[in-house]
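First the structure, in the form of structure tokens, and then the observations on it.
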Amino acid sequence: MAGKVKWVTDIEKSVLINNFEKRGWVQVTENEDWNFYWMSVQTIRNVFSVEAGYRLSDDQIVNHFPNHYELTRKDLMVKNIKRYRKELEKEGSPLAEKDENGKYLYLDFVPVTYMLPADYNLFVEEFRKSPSSTWIMKPCGKAQGKGIFLINKLSQIKKWSRDSKTSSFVTQSTKEAYVISLYINNPLLIGGRKFDLRLYVLVSTYRPLRCYMYKLGFCRFCTVKYTPSTSELDNMFVHLTNVAIQKHGEDYNHIHGGKWTVNNLRLYLESTRGKEVTGKLFDEIHWIIVQSLKAVAPVMNNDKHCFECYGYDIIIDDKLKPWLIEVNASPSLTSSTANDRILKYNLINDTLNIAVPNGEIPDCKWNKSPPKEVLGNYEILSCTFLHGPGARMLMERGSYDEELAQGDGADRELRSRQGQSLGPRGGRSRDSGRTILTTWK
């Protein structure tokens, strides 16, 4: 078995196993010597725990970063993004620029969110500013729509508190932590139905940040037509796009699974809204993804044995503004349709081609910069902008590479002196009208 990659997984999915076997890799048990372990988030906790964990050798890699939860737990993601904004503001970065109402121009991409029970008083203060608004409550550590509900009255939270046997919001308790976010009640609808985007993003290293977006993402549709009516707040078939919920609906279609490809969405938007605004929307989605990763990069344990494929959930509102809802550490590899199976098989195939070069025994010391020809369907997050009247972000075929962005120091200094704004909204440059090439930083 010398020279063959030895693999282990605790996730018995055919899209994984078929990819391993196609490469001629050899299956072993976790107690034997292994090179590649595709593991659940529960297992990664044990591998890197102080008590039970063990030292990985240079020929071993795993599919999660040790503290991936800094991005994939709903409360920690929001906390890290808030911290990132404050740090940029403190530095005087143009990224943290605000409008006359105090809203971030380029970093306003997560709905207003509070942690419960810790931020209860802050939430009440915000709720009373617009008492007719709807909010969505989610348990921090659950997925697939479990434990989610909508509220539009403070009394509903008090009832939830009592039902959860929590005596007070003032003191922290053993009660499960929740996040409560302002509900996006004006989602973009297609055929009268709400949908979200599931996009796959691969990170090979956080320092420097190298990330790739899979271009074969998809939209997940609700089975029941959307209404903001308060009488339907309890109807999850109207509000939650999770397949785990929608598949139980009467109108669920088992052939297409209520899914549309991102390419179909793009064609639809180009024909109904125009190419320019559609291009701007997708530029902004790419921007959100990179900024969210940069927000967690300083706190992420950038272990050389790790890579991660995240499932990003994005909602687009009726003004074509994208919102980051959450990021999943273990996006579902279950196939609900034939197309789903093909997509996920190809996703794993392309991920392995980047994470395990040439399908050979890994070497953690390599620079994690694969040649472009092996990237397959990974869409490529560019780091280049054009600034100037009417200019928009340039999207190029190339991954976001922080080393390249940092290497362009003279250009950043010029941009800083001129007070130019960065971000997906072109045309905000205070330059005299020239178009200037800049990079994300």
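The values are calculated or read from the model by the stated rules, or taken from the named source; none is laboratory data. Treat the numbers as computed from the prediction; the structure is a model and nothing was measured. Here the Cβ positions follow ideal geometry from the backbone for every residue, glycine too, while neighbour counts run over all protein chains shown. Remember, those area values only see protein heavy atoms, side chains included, never the ligands or the DNA or RNA. Shrake-Rupley method; radii C 1.70, N 1.55, O 1.52, S 1.80 Å.
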Partner lysines whose C-alpha sits under 17 Å from that of Lys153, ignoring same-chain residues fewer than 8 away, are Lys129, Lys138
Judged on accessible area alone, 1.4 Å probe, highest first, Lys319, Lys79, Lys158 line up as Lys319, Lys79, Lys158
Diffusion coefficient in µm²/s returned for the stretch 276-336 by Stokes-Einstein, Kirkwood Rh over C-alpha pairs, 20 °C and 1.002 mPa s, is 158 µm²/s
Those GluC sites (Glu not before Pro) from the stretch 1-41 that are DSSP loop and have at most 15 other Cβ neighbours within 10 Å turn out to be Glu12, Glu30, Glu32
Expressed as a whole-number percentage, the relative contact order of the stretch 26-155 with C-alpha contacts under 8 angstrom and at least six residues apart is 14 percent
Per-residue accessible area, 1.4 Å probe, largest first, puts Trp38, Trp260 in the order Trp260, Trp38
In debye to the nearest 20, the charge dipole size for the stretch 50-148, taken about the Cα centre with +1 at each Lys and Arg Cβ and -1 at each Asp and Glu Cβ, equals 420 debye
Normalised per residue, the volume inside the convex hull of the alpha-carbon atoms of the stretch 57-159 in Å³ amounts to 166 Å³
